[in-house]
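Could you have a look at this structure, given as structure tokens, before my questions?
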Amino acid sequence: MLRDAMEKYPFDRSQLQVGPIARHSFTIANFRKFLSSNPKIQSFASTDESICLQFSDPFLWCGKPGGHALLFGPCHTLQLNDIEAKWIAHPMKDMYGATRELFVVNHDTAYYDGTYKCLPLSHGMIPGGCSDLSGLDLEALARTTVSDQGASYKLYQDSFEAVVDLWKSNILKVECVGLQHVGFNEGLYNALVQMGRKLGDKESGCMKSRVEGRAKSSTKRTISEYSEKHEHPVKRRKES
């Protein structure tokens, strides 16, 4: 149903052969810092200009990766702090009609997938009531539902497990925003690839320095041990 709704929109992806922009283990927060480190593209670090997702987040590609996609979010979130837990409405309507750049982080690799328009598709669905939701990870939805604002570890864990059960019981409802691929910013992509290479070179240099440092330390230790075990016989006779 939802995928069918996206298929009516034209899809014109650039014929460029694009690959990862960086091979690095990012959190979403660190990836946004990575974007903001370049003054020429730092505006894309803003949530008003980009959507940054992890592969474990509640979204599905309609077809191949890099095409249209479906982004899901809870209609309500559970806010936790060290005093209380409360449910608040969490509409995704602020995204409706917006055009944003889409980035996806997968383990130790980051991708730029293009420019996307956010389309309202459905509101108030239950996971068990729509075939398009069958591929969603309910724990991913639960992570999106629980908003940790300083809660204790035990409170967060107990709340998370309770929220997972609520999703499995089809009590909580989900909203869906369609992500329509409408373009590809080649200038942004090329800048990110260069930044990714520099980041990789920097990490390789640090790793090389650590390896060389360990090798030198190991060599010195071996020479020292060898000297103690194979002391010159004349020296030993003089000392005795």
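Suppose we filter the stretch 47-61 for residues that are surrounded by 16 or more Cβ atoms within 10 Å (Cβ to Cβ), in contact with a strand residue (DSSP E or B) (Cβ under 6 Å, 6 or more places away or on another chain) and not in a strand (DSSP E or B); how many remain?
Looking only at that region, the number is 1.
Would you mind stating whether Pro20 is exposed (fewer than 12 other Cβ atoms within 10 Å of the Cβ) and either at negative phi or touching a helix residue (DSSP H, G or I) at 6+ places or on another chain (Cβ under 8 Å) (or both)?
no
Of the residues in the stretch 176-200, how many are touching a Phe, Trp or Tyr at 6+ places or on another chain (Cβ under 7 Å) and closer than 30 Å to Leu78 by Cβ?
2
Still on this structure, I have one more. Failed condition for Pro91, given (1) loosely packed, with under 12 Cβ neighbours inside 10 Å; (2) assigned to a loop (DSSP other than H, G, I, E, B), with all others met?
(1)
Return the total of residues in the stretch 172-202 being in contact (Cβ under 8 Å) with a residue 24 or more places away in the chain and more than 29 Å from Phe11 (Cα to Cα).
The total comes to 4.
Would you check if Tyr112 is touching a strand residue (DSSP E or B) at 6+ places or on another chain (Cβ under 9 Å), modelled with pLDDT of 90 or more and buried (at least 18 other Cβ atoms within 10 Å of the Cβ)?
Details: touching a strand residue (DSSP E or B) at 6+ places or on another chain (Cβ under 9 Å): yes; modelled with pLDDT of 90 or more: yes; buried (at least 18 other Cβ atoms within 10 Å of the Cβ): yes.
Answer is yes for this residue.
Let's see how each residue does on (1) buried (at least 18 other Cβ atoms within 10 Å of the Cβ); (2) of a type in the set (Lys, Arg); (3) free of Cβ contacts under 8 Å to residues at least 24 places away in the same chain; (4) over 26 Å from Glu7 (Cβ atoms):
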residue: Ala85; (1), (2), (3), (4): no, no, no, yes
residue: Tyr96; (1), (2), (3), (4): no, no, no, no
residue: His123; (1), (2), (3), (4): no, no, no, no
residue: Leu136; (1), (2), (3), (4): yes, no, no, no
residue: Ala140; (1), (2), (3), (4): no, no, no, no
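Take the residues in the stretch 62-83 that are outside any strand (DSSP E or B) and within 21 Å of the chain's Cα centre (by Cα); name whichever of them is surrounded by the fewest Cβ atoms within 10 Å (Cβ to Cβ). Talk me through it step by step, then tell me what you get.
Pass one, the stretch 62-83, residues outside any strand (DSSP E or B): 62-68, 75, 81-83.
Within this subset, residues satisfying the condition of being within 21 Å of the chain's Cα centre (by Cα) are 62-68.
Working: Cys62: 21, Gly63: 12, Lys64: 8, Pro65: 11, Gly66: 19, Gly67: 16, His68: 23.
Out of the qualifying residues, it is Lys64.
May I pose another question? If a residue must be assigned to a helix (DSSP H, G or I) and of a type in the set (Val, Ile, Thr), how many such residues does the stretch 175-199 contain?
1
Can you spot a residue in the stretch 100-107 that is surrounded by fewer than 17 Cβ atoms within 10 Å (Cβ to Cβ), within 19 Å of the chain's Cα centre (by Cα) and in a strand (DSSP E or B)?
So far as the stretch 100-107 goes, yes, one or more of its residues are surrounded by fewer than 17 Cβ atoms within 10 Å (Cβ to Cβ), within 19 Å of the chain's Cα centre (by Cα) and in a strand (DSSP E or B).
Moving on. Tell me, which residue of the stretch 143-165 that is part of a helix (DSSP H, G or I) and in contact with a helix residue (DSSP H, G or I) (Cβ under 8 Å, 6 or more places away or on another chain) is modelled with the lowest pLDDT?
Residues of the stretch 143-165 part of a helix (DSSP H, G or I): 143-145, 153-165.
Cutting the leftovers down to in contact with a helix residue (DSSP H, G or I) (Cβ under 8 Å, 6 or more places away or on another chain) gives us 143, 145, 160, 163-164.
On the way: Arg143: 91, Thr145: 94, Phe160: 94, Val163: 95, Val164: 94.
Among those that are part of a helix (DSSP H, G or I) and in contact with a helix residue (DSSP H, G or I) (Cβ under 8 Å, 6 or more places away or on another chain), it is Arg143.
Ser43 passes all but one of (1) under 19 Å from Met195 (Cα atoms); (2) touching a residue at least 40 places away in the same chain (Cβ under 8 Å); which number fails?
(2) is the only condition that Ser43 fails.
The values are calculated or read from the model by the stated rules, or taken from the named source; none is laboratory data. Since we're looking at a predicted model, the values are computed, not measured. Note that each Cβ is placed from the backbone with ideal geometry, even for glycine, and that neighbours are counted across all protein chains shown.
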